[in-house]
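What follows is a short report on a single structure.
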Amino acid sequence: MNRNLTRLAGTFAGIALAVSVAIPALASTGPSGRVSDRPAQPLGAETDAARCRTDWQATREDRTLAKVQAVGFCEIDRRLVTIDRLQALVHGSDVLTDAHASALSRILDHSETGLQALRREIAADTTVASATEDVRRIFTDYRIYALVTRQVALVRADDRVDAAINRLTHAADQLAAAIARAAGNGKDVTVAQGHLDAMIAAIAEARAEVAGDASAVLAQTPATWNAGTAKPILDAARASIAAARSDLRIALTEAQAVLAALR
Amino acid sequence: MSTVKGHRILTVITAALVVVLIAGCGSGTELADAGSPTSPPPTVDLTTAPEEPTVPVVGATVQPATTVQPATTNEPGMTVQPVKTNEPSVTVEPVTTDKPPTAPVPTPDLTSIEALLSGIDGDLGDDAGAAASEGSPQ
């Protein structure tokens, strides 16, 4: 009996020692020890085409239903990560107009729900042929990278151009007032006025460059992409935004020249 | 005899167990509380810091660096009053500078425009790299 009591006490003491060591160790687990529910990989590694290369290679070597489904899941999942990133860009943007942000959100939400449904369809496929057809639809029905990602980037750029135009126009008004003041004080403002005129002309050119671009870009769909009509429109919008950016750079330089001429 | 001895051993071990448990839990609590949002680190609450006493501006002579301190003597009921003189009232006006004849023309904010142009470059970069990620069904 006494021996049993001694053994029992020894067991308790062992447990107590273990607990007293474990509690501080657990309590000291700080934020760095927090388990993340997001992949720790950089974004590029999650979303670029190379992510699914291994699955595609396996499918080419042995085209089974499971392997076709695996490549479908991979292609959909990287698109969902991309959509998540694009939604954050749209919702957190301080340059997008409300109308453009709403239009982009609708495109992204439609793409997200569609891809999630397609993922379930692929999981339910029972033949290689049906799974292969569903995997093809990931590309043809959504065009997440060729179209949707470009729509977000181009509309953001277009709205940034508009914001820069507005600010430069306001700056031109302020510079015109400064020139008038200097002229009133008897200063020769010929050079300053010349730079201001060049600034205003560059702003007007930038405005003309991007007129209607955002609407044209937002009107494109996977169907128009597949028909070959969307890409030229996106490329044209890109070219006009780049040209407008150059015009705005000129306008900014002219604004700085006005200030220098007035000193 | 052996039963009594066993009980003594058990009592000693139980006491040690309690001490070890208390020590273990106590140190764990301290570590957990150190980073707990319910026990923020001590901070200086600036909102409750005593304000500098203001100097009466009417009917009093303003002396530089005059501050009202709590009574430090042991005399009961002693309060510190502003020193009054027989001099005529002095009113302290905020110091103002002479305004220029006309307001200056505001300088345009060109820095924010520069940032917008840089943002356009970033957007065009995103656009250029997007299509390469599309891939194709193989």
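The values are calculated or read from the model by the stated rules, or taken from the named source; none is laboratory data. Fair warning: this is a prediction, and the values are worked out from it, not measured in the lab. A quick note on method: Cβ atoms are made from the backbone with ideal geometry, for glycine too, and the neighbour counts reach across all protein chains shown.
Some observations on this one:
- Every listed requirement among (1) more than 21 Å from B:Ala115 (Cα to Cα); (2) surrounded by 14 or more Cβ atoms within 10 Å (Cβ to Cβ); (3) facing chain B (nearest Cβ under 10 Å) is met by A:Thr224 save one, (3).
- A:Cys52 being modelled with pLDDT of 90 or more and within 10 Å of chain B (Cβ to nearest Cβ): yes
- Within the range A:141-164, restricting attention to residues that are more than 8 Å from chain B (Cβ to nearest Cβ) and more than 19 Å from the chain's Cα centre (by Cα), the residue that is surrounded by the fewest Cβ atoms within 10 Å (Cβ to Cβ) is A:Asp141.
- Matching residues in the range A:173-201 - criterion: being without any contact (Cβ under 8 Å) to a residue 12 or more places away in the chain and within 13 Å of chain B (Cβ to nearest Cβ): A:Asp173, A:Gln174, A:Ala177, A:Ala180, A:Arg181, A:Ala183, A:Gly184, A:Asn185
- Pairs with Cβ under 6 Å, 6+ apart, first in the range B:109-138 and within 7 Å of chain A (Cβ to nearest Cβ), second at pLDDT below 90 and crowded, with 17+ Cβ neighbours inside 10 Å: B:Ser133/A:Asp48
- Considering each residue of the range A:139-149 in turn, at least one proves to be farther than 22 Å from A:Leu89 by Cα and among the hydrophobic types (A, V, I, L, M, F, W, C).
- Within the range A:138-149, the presence of a residue that is more than 30 Å from A:Lys231 (Cα to Cα) and either outside any loop (DSSP other than H, G, I, E, B) or touching a residue at least 40 places away in the same chain (Cβ under 8 Å) (or both) is excluded.
- Residue in the range A:91-98 that is in a helix (DSSP H, G or I), out of contact with any Leu (no Cβ under 7 Å at 6 or more places or on another chain) and under 29 Å from B:Ile120 (Cα atoms) present: yes
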